[in-house]
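The values are calculated or read from the model by the stated rules, or taken from the named source; none is laboratory data. This one's a predicted model, so the numbers in the text were calculated from it and none came from an experiment. Positions of Cβ are backbone-derived with ideal geometry, glycine not excepted, and every protein chain shown enters the neighbour counts.
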Amino acid sequence: METDYRKMWEDLGINMEKHDQLLAVLPFVYRNVYLSQKNRPKAMEYYDFVVSGVHGIRVKELLDAKDAGKKVVAYFCLYVPEELVIASNAVLVGLCGGSNFTDQEAEEVLPRNICPLIKASYGFKAARICPYFQAADICVGETTCDGKKKMYELLSELCPTYTVEVPQKPDTEQARELFYREMMALKSKLEEITGHKITVQDLKKSIGIVNAKRAVLDQLISTRKAVPPPISGKDSLLVFQIAFYDDPQRFTQKTKELVEELQERIKNKVGVVDESAPRIMVSGCPMAIPNWKLHHIVESSGAVIVVEESCVGTRYTSMGQIDNSANTVEDLIRAISDAYLNIHCSCFTPNIGRVEDVVRLAKEFKVDGVIHYSLQTCHGYNIEAAKMEKSLKKINVPMLKIETDYSNEDVGQITTRVEAFLEMIRK
Amino acid sequence: MDAVVVGLDIGSASTKAVVLKDSQIVGYAILSTGFNPQYSGIRAIGEACEKAGINPKDVVYTVATGYGRINAPFANSRVTEITCHAKGAFFTNNRARTVIDVGGQDSKVISIDEKGRVVDFQMNDRCAAGTGRFLEVMMRTLDMNYEEMSQAVINSENPSKISNMCTVFAESEVISLLAKGERRENIAAGLCHSISERIATMVKRIGLKEEVIMTGGVAKNRGIVKLLENKLNTKISVPKEPQIIGALGAALEAKEAILKIKQS
C-alpha cells in the first residue's frame, strides 16, 4: 500500500494488532479467490483496487467528508433507503460482517449459536477492527430478523444506533402505512443528526443518483443471461458487495464501464467459461465481504453462477426505478417507502414473491440448477427453502440446499455436495 | 475383452478398492484409512490387484471417490461418492430407486431413476450424528462389537430412549444411563433406534421410492436395517459386501470413461 494509513486508524481507535492480522490475511485470500480467475474483464481492475485499499482510501474519503461537515451513516441492510441518507447530506456506508474473524469478541456477549452475519456485525465493532464502523456517526439497523433486532439493542451500547421497523406483511395497506411512517421518522432522525432539512430538491436528486446506480446494476445482471456469461459469479458478487460502501456516483460510472466491456464481450462471444459449463443460480441469504465461500466452491468445480437472488444480487435492485416526479417531500418519501417494500426478504410472510422471482429468474437465465444458500440458524431463508424446492421441481430445475457459516471446516463436505449436484446436472 | 479398471473409495474410516474386468469384480480390498489417505489408497489398490491376480501396471484407468479422492493424484479422475454409490448400487440391483448409504463420516440418501442416474440426494449435516462414527464411539463406550450391537436390537425388550444425536452429548447420556444401572443391551438398541430414526427422516424428506437398497459399513448392522424396514414399511436389500459399493461405482465410472475416450 502506498499511503500509510496507520495514523488514521490509530486516531479512529482501531485495535491495531488485531487489525494488522486481518489485513495480513485478506490479500492472500483475495489472490487465491479472485486474482487466480482466468479471463477476467479488464474493468474489474477498479474493484480489485477498491478491495486492495479496503480500509484505506474509502475511509479517508469518509473522514474528509466529515471534516467538511458531513455525517457518516452506517447500515447493514437494503431496507435502509440510500435515497434518504443522501438527501440528508450524509454519506451512507454499508458495513460488511462476512467473516468469523471476530467471533471470539462477539461471543463474549452474544450466544455462540446464532447467525454468523449477526455475530460478525457486532464483533467487528466490539473488536474495533473496522474503520468504517469507527468513523460512523450512527448505525441504522432494521427489523428484518429477530437476531439482528436484538443485536442492535446491544450494539447501541457501543455506538449510536437507530432501528427502522420493517413490517412483516408488506402487501397490506397498514404495512405500507407503517413503513411510510417509519421512513418519515427516519427522515426526522437523519435531519436531527445532520442538521440539514431534507427538501424536495434533495430527494429528487438523491432518487436520481440511486436510480442510476440501480439501472447500471440491472444491466450488469442482464449481461449474465448470455451463454457463456461474460463475467464470473464471483466478480459480479464483488461488484454488488462494493456497491454497499463505495461512493454511489463514482461506482455507477465505473460499473457503466464494466457493463460496456461485458456487452462488447457478448458481441464477440467471449465468456469466462466454456459454453457447456453448468449455469447455476444462487438464492438466499446475503453474502457480505469477504464471504466468497460458496461462489468459490461452485466456480472451482467447473460451473458458473449466472444470477444471485440475493441482497447482493437481484434483490439489490428490486425497488426498481423510483418515480421522483412528485412535488412534496411526503409524496417523494411515499414513493420510496412503497418501492422498498418490493424487496422480497424472507422476513415477510407469506413471501410468495421471492418464490416467483426465483422461478422466473431460473427461466430467464436458463439455469441448470439452483443452490439455495442459507446462513446457519437463519430461520427465514432456511425454512423457505422447502417451498422453493417444491416450486422449482414443477419446472424441472433441481435444487441443492446448503446451510453454512463463515468457517472453513465444512468446505470439504460442501464441495462434495456441489460436485455431486453438478455431476447430476451433467448426466 | 474389457480393460482392467479400478475404483478406489477413500472414506473417512476405511479405504476400499475394487478391480473390475469384463464387468466382473475380480478382486477387492477393505482397509482402515488411518492417518495417511494417499498411502491407504495405494495399499488398497495393491491388495485388490493381488487378490485378482493382476499386475497393478495393467490397470488402464482408475477413478477415485470418497472424501479422500483429492489425496489420490495417481487416479485418472475423481467422481463424488454420491454418483458412485448410486452407480454401484444400481449395478447390484437395477430395480433399486432409493439408495441409503451410511458410512463413517456421513450418511446419505440418493434417489435414482430407471437408468441408475442420480435425481436427488440428501446428506447429513456436518457433524457425526447418524453415521458409522457415532456407532463406533458408542460401541467403545459400551464395550460391544458390531455383532453384539446388531444382536441387541433383536434381543432388547425395552430399548432406552436416547434423545441426543450429537455424538459427544449422546455419549454422556449413555454413560449416565450405565451409571443408573440400565442394561447394555437396551442402551445399544436405543442407539440403533435413534440412528435409524434419523436416516428414516432423510428418506422421507427425499420421498421413498421402491426398491430400497442400503450400502456402507453400517448396512452390516442387521439390527439397524431391520428397524429401518419397519420405520419405512418397506423391504431393504443389502448387497453381499455393502462396504465396497462406492468403490464398485467408481470402477464402473472408470469403465465408462474408457468408453468415452474410445468414442471420441
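Observations
- Residue count for the range A:137-173, restricted to those that are outside any loop (DSSP other than H, G, I, E, B), of a type in the set (Lys, Arg) and touching a helix residue (DSSP H, G or I) at 6+ places or on another chain (Cβ under 7 Å): 1
- Near pairs, Cβ below 7 angstrom, 6+ apart or cross-chain, from the range A:12-37 (over 17 Å from residue A:291 (Cα atoms)) to any residue that is of a type in the set (Asp, Glu): A:16/A:10
- Of all residues in the range B:40-79 being among the aromatic types (Phe, Trp, Tyr) and modelled with pLDDT under 95, the one that is nearest to the chain's Cα centre (by Cα): B:67
- Among the residues listed as A:33, A:29, A:51, the single one being part of a helix (DSSP H, G or I), in contact with a Leu (Cβ under 9 Å, 6 or more places away or on another chain) and β-branched (Val, Ile, Thr): A:51
- Single match in B:182, B:114, B:157, B:148 (criterion: assigned by TED's automatic domain parsing to the domain that holds residue B:226, closer than 29 Å to residue A:371 by Cα, among the acidic types (Asp, Glu) and surrounded by fewer than 18 Cβ atoms within 10 Å (Cβ to Cβ)): B:114
- Among the residues of this structure, residue B:100 counts as one that is closer than 19 Å to residue B:237 by Cα and away from chain A (no Cβ under 11 Å).
- The set of residues in the range A:344-389 that are of a type outside the set (A, V, I, L, M, F, W, C) and assigned to a loop (DSSP other than H, G, I, E, B) comprises A:344, A:346, A:349, A:350, A:351, A:366, A:368, A:376, A:377.
- Checking residue B:111 against (1) within 30 Å of residue B:39 (Cα to Cα); (2) within 14 Å of chain A (Cβ to nearest Cβ), the condition it does not meet: (1)
- Which numbered condition residue A:38 fails, given (1) surrounded by fewer than 20 Cβ atoms within 10 Å (Cβ to Cβ); (2) closer than 30 Å to residue A:274 by Cα; (3) in contact with a helix residue (DSSP H, G or I) (Cβ under 7 Å, 6 or more places away or on another chain): (3)
- Count of the range B:120-135 residues which are within 19 Å of residue B:66 (Cα to Cα) and not in a loop (DSSP other than H, G, I, E, B): 7
- Residues that are surrounded by fewer than 18 Cβ atoms within 10 Å (Cβ to Cβ) and either more than 10 Å from chain B (Cβ to nearest Cβ) or at pLDDT below 95 (or both), drawn from the range A:378-389: A:379, A:383, A:387
- The residue list B:42, B:25, B:82 contains one member that is among the hydrophobic types (A, V, I, L, M, F, W, C) and within 14 Å of chain A (Cβ to nearest Cβ), which is B:82.
- Pair list, Cβ under 6 Å, 6 or more apart: the range B:1-27 residue farther than 14 Å from residue B:248 by Cβ, other residue at pLDDT below 95 and among the aromatic types (Phe, Trp, Tyr): B:12/B:67
- In the range A:217-270, the residues that are under 15 Å from residue A:51 (Cα atoms) and touching a His at 6+ places or on another chain (Cβ under 6 Å): A:234, A:237
- Consider the range A:395-414 and keep the residues that are in a helix (DSSP H, G or I) and buried (at least 18 other Cβ atoms within 10 Å of the Cβ). The one that is farthest from the other protein chains (Cβ to nearest Cβ) is A:414.
Yes/no per residue for (1) under 30 Å from residue B:75 (Cβ atoms); (2) of a type in the set (Phe, Trp, Tyr); (3) in a helix (DSSP H, G or I):
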| residue | (1), (2), (3) |
| --- | --- |
| B:169 | no, yes, yes |
| B:191 | no, no, yes |
| B:195 | no, no, yes |
| B:198 | no, no, yes |
| B:209 | no, no, no |
| B:228 | no, no, yes |
| B:251 | yes, no, yes |
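- For beta carbons closer than 9 Å, sequence separation of 6+ or different chains, a first residue in the range B:118-132 that is more than 10 Å from every other protein chain (Cβ to nearest Cβ) and among the hydrophobic types (A, V, I, L, M, F, W, C) and a second that is part of a strand (DSSP E or B) and buried (at least 21 other Cβ atoms within 10 Å of the Cβ), the qualifying pairs are B:129/B:107.
- Total residues in the range A:155-178, condition surrounded by 14 or more Cβ atoms within 10 Å (Cβ to Cβ) and in contact (Cβ under 8 Å) with a residue 12 or more places away in the chain: 15
- Selection within the range B:70-109 - touching a helix residue (DSSP H, G or I) at 6+ places or on another chain (Cβ under 9 Å) and without any contact (Cβ under 8 Å) to a residue 24 or more places away in the chain: B:70, B:78, B:80
- When we screen A:422, A:392 for residues that are assigned to a helix (DSSP H, G or I), among the hydrophobic types (A, V, I, L, M, F, W, C) and more than 10 Å from every other protein chain (Cβ to nearest Cβ), the only hit is A:392.
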